[in-house]
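Peer 1: Next up is a structure, given as structure tokens.
The values are calculated or read from the model by the stated rules, or taken from the named source; none is laboratory data. Keep in mind that this is a model prediction, so the values were computed, not measured. Please note: Cβ atoms are built from the backbone with ideal geometry, for glycine as well, and neighbour counts cover all protein chains shown. The accessibility values were calculated without ligands, DNA or RNA, using every heavy atom of the protein model including side chains. Shrake-Rupley method; radii C 1.70, N 1.55, O 1.52, S 1.80 Å.
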Amino acid sequence: MLFLILLTFLFGPGLIPNYLLVSSLGLIDTYWSLILPGAVTAFNLVVMRAFFMNIPAEVSDSARIDGASEFHILRKIVLPMSKGVTAVIGLFYAVGYWNSFFNAVLYLNDNAKLPLQVVLRQYVLQGQSLFAGQTGDATVAGQTLPPSLALQMAIVVVALLPVLFVYPFVQRHFTKGVIIGAVKG
């Protein structure tokens, strides 16, 4: 099973098969088309597996001797021990979903469902206006707008803020989550 997961590092399915799969599942123009294709990644699976392989078997054996069920061992012993790796993987997914725009461009047709990153990309790179009917440096509702370049840079900063706020809280888990979960030689 691990070999099949590692094989996906070398050979990806490609854009057209992914689109055909999402289309055949009826996920076009739904939020699930943004979530499901990247829900389980091989890298995160390998990191989690390596971490769980490093948990000493004696811990679960002693819990079994005390009469704990497998679910109880998972819930009360293993999951509290894996807070670091869970936080790191959660940060990887959060940053990945926050920065993703390509799947939304492919799978969403309704402009009302577009995520923030796609709207910001349209404004910053393609020069489309955030305000209806605005062209260039004009006025909206009688107020003069800031220069276009200044507005674009402000948008880039706003797009970075959520990641900058979350990262310091998860940073302390990187040592435990990634280094402990990494393959040791």
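Peer 1: Among (1) at pLDDT 85 or above; (2) under 26 Å from Ile16 (Cβ atoms), which single condition is Ser82 missing?
Peer 2: (2)
Peer 1: Given the conditions (1) out of contact with any Phe, Trp or Tyr (no Cβ under 6 Å at 6 or more places or on another chain); (2) farther than 28 Å from Tyr167 by Cβ, and given that Ile28 satisfies all but one, which numbered condition is not satisfied?
Peer 2: In the conditions (1) out of contact with any Phe, Trp or Tyr (no Cβ under 6 Å at 6 or more places or on another chain); (2) farther than 28 Å from Tyr167 by Cβ, Ile28 misses (1) alone.
Peer 1: Still on this model: Name the residues in region 1-28 that are open to solvent by less than 80 Å² (accessible area, probe 1.4 Å), more than 25 Å from Leu106 (Cα to Cα) and not β-branched (Val, Ile, Thr), would you?
Peer 2: Within region 1-28, Leu2, Leu6, Leu7 qualify.
Peer 1: Continuing with this model, one more query. Of all residues being free of Cβ contacts under 8 Å to residues at least 12 places away in the same chain and under 26 Å from the mean Cα position of the chain (by Cα) in region 70-82, which is least open to solvent (accessible area, probe 1.4 Å)? Just the residue, please.
Peer 2: Pro80
Peer 1: Also: Go through region 29-69 and count every residue that is touching a residue at least 24 places away in the same chain (Cβ under 8 Å), farther than 21 Å from Gly96 by Cβ and open to solvent by less than 50 Å² (accessible area, probe 1.4 Å).
Peer 2: The number of residues fulfilling the criteria is 2.
Peer 1: Mind checking which residues of region 6-42 are under 25 Å from Leu91 (Cβ atoms), at pLDDT below 90 and aromatic (Phe, Trp, Tyr)?
Peer 2: The answer is Phe9, and nothing else.
Peer 1: Residue pairs, Cβ under 9 Å, 6 or more apart or interchain, first in region 83-112 and under 18 Å from Phe43 (Cβ atoms), second of a type in the set (Lys, Arg) and not in a loop (DSSP other than H, G, I, E, B). List them.
Peer 2: Final answer for the pair search is Gly84/Lys176; Val85/Lys176; Ala87/Lys176; Val88/Lys176.
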